[in-house]
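Please read the structure below before turning to the comments.
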Amino acid sequence: MRLVVKIGSNILSAKEGGLDERRMRAIADDVCRALEAGHEVAVVSSGAVAAGMSRLGIKGRPADIRLKQAAAAVGQSQLMWLYEKVFSGNGKKVAQILLTRDVFTDRARYINSKNTILTLIGLGVVPIINENDTVAMDEIRFGDNDQLAALVASLLGADRLMILSDVDGLYTADPRRDPGARLIPVVSEITREMEKTAGGVGSSVGTGGMYSKILAARIAMSAGISVNIINGRKSGLLMEVLQGEQYGTLFHTESGKLPARKGWIAYGLKAKGRLVLDDGAKDAIVSRGKSLLPSGIILVEGDFDRGDPVYCVSSSGKRIAKGLSNYSSVEIEKIKGMKSSEIGSALGYSYSDEVIHRDNLAVLG
């Protein structure tokens, strides 16, 4: 089984500031037990900013982006030094990989990143993946490492994403505020009510919260990847879950894995527009795996060119697929609702009978 293990700042941060080496050692022990059991493991880890804040004497998470980037630059070396230390005790080597959002939008960089990480795993090296906070600006940021972990899981074709949280899992309410909150052991569908209940900001040392974990779970589940949220402060849970024990919350999906290219289209690329479809086109795409023809398009939204990624949405606005358009928004405006045989007469040329070919179309969840 191929795993991505996401570790948040709350798990790695010591109460007095900086990083908790004892906790990092316990997590490394758990990961190494999974490796010894034959699993392939990549780690997505926060903690660089928290480590840098301690070394720079900063209290509270920096609001200024430049100060945050400076803290990440100072803390990244300490984070990796500690990972090197705790994994070497188990005879394992680690490798640092820093990513920005644009890695997932460029096909060549996407494939190169995948090949590098899988090569490291094949060599018995544990990849430690983090966002490159030092250089990331708003347009190339992930926002939090929960989303990064879900995208990495899709990139690697992982079987499972394990999110180590500072609580036992997803609850019916915030367990810190509501003593009657109940743990939800299994989730097969993420609802709007669930997202609303989980809403809220993260801690003073991290950007994520349960809401970001649910959004990450949605991405992973749509790619056919199961997700576990477990308490990262309790040693041994990782292997127990892998052995079939029930802890925390399991986000279970019955959908099959997306092929690598369709995973890239679905979660790597940022959509430039939307095509609103009628019910017939929606059914053809979702239920029968067909291409999108111009006859099924009701409305064109946004300004995009040929080859750009666009969402396909139902008449109610629900996203049902994302694909690479064979025509620009201006061209689709002229041919929407028409038969494929009428494209040439409407435009004076025809690139394709399909607005989006099924090979370039990824159904979303």
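The values are calculated or read from the model by the stated rules, or taken from the named source; none is laboratory data. Computed from a predicted model, the values in this text were never measured in an experiment. Here the Cβ positions follow ideal geometry from the backbone for every residue, glycine too, while neighbour counts run over all protein chains shown.
Which residues, counting only those in region 195-215, are surrounded by 19 or more Cβ atoms within 10 Å (Cβ to Cβ), at pLDDT below 85 and among the aliphatic types (A, V, I, L, M)?
Of everything in region 195-215, those that are surrounded by 19 or more Cβ atoms within 10 Å (Cβ to Cβ), at pLDDT below 85 and among the aliphatic types (A, V, I, L, M) turn out to be 198, 205.
What are the pairs, 6+ residues apart or on separate chains, where a residue within region 254-267 that is farther than 17 Å from residue 309 by Cα has its Cβ under 9 Å from a residue that is modelled with pLDDT under 75?
Going by the 9 Å Cβ cut-off, the qualifying pairs are 255/365.
Scan region 320-333 for residues that are crowded, with 16+ Cβ neighbours inside 10 Å and not β-branched (Val, Ile, Thr) and jot them down.
321, 322, 323, 324, 325, 326, 327, 328, 329, 331
May I ask you to list the residues in region 216-251 that are of a type outside the set (A, V, I, L, M), surrounded by fewer than 23 Cβ atoms within 10 Å (Cβ to Cβ) and at pLDDT 90 or above?
Listed by number, the residues that qualify are 226, 231, 233, 234, 235, 236, 240, 243, 244, 245, 246, 247.
Please pick out the residue among 126, 135 that is among the hydrophobic types (A, V, I, L, M, F, W, C) and modelled with pLDDT of 95 or more.
After ruling out the rest, the residue left standing is 126.
Scan 363, 286, 310 and give me the residue that is touching a residue at least 40 places away in the same chain (Cβ under 8 Å), in contact with a strand residue (DSSP E or B) (Cβ under 7 Å, 6 or more places away or on another chain) and surrounded by fewer than 18 Cβ atoms within 10 Å (Cβ to Cβ).
The match here is 286.
Which of the helices (runs of 4 or more DSSP H) found entirely inside region 171-284 contain at least 1 residues meeting this: β-branched (Val, Ile, Thr)?
192-198, 210-222, 237-242
In the set 17, 91, 60, which member is assigned to a loop (DSSP other than H, G, I, E, B), at pLDDT 90 or above and out of contact with any Gly (no Cβ under 7 Å at 6 or more places or on another chain)?
Exactly one residue qualifies, and that residue is 91.
Select from region 41-55 the residues that are over 14 Å from residue 131 (Cβ atoms) and hydroxyl-bearing (Ser, Thr, Tyr) and list them in ascending order.
Matches in region 41-55: 54 only.
Could you figure out which of (1) more than 24 Å from the chain's Cα centre (by Cα); (2) touching a residue at least 12 places away in the same chain (Cβ under 8 Å) isn't true of residue 81?
Of (1) more than 24 Å from the chain's Cα centre (by Cα); (2) touching a residue at least 12 places away in the same chain (Cβ under 8 Å), only one is false for residue 81: (2).
Within the bounds of region 347-364, is there any residue that is closer than 23 Å to residue 220 by Cα and touching a Cys at 6+ places or on another chain (Cβ under 7 Å)?
There is no residue in region 347-364 that is closer than 23 Å to residue 220 by Cα and touching a Cys at 6+ places or on another chain (Cβ under 7 Å).
Only one of (1) in a helix (DSSP H, G or I); (2) crowded, with 16+ Cβ neighbours inside 10 Å fails for residue 341. Which number is that?
(2)
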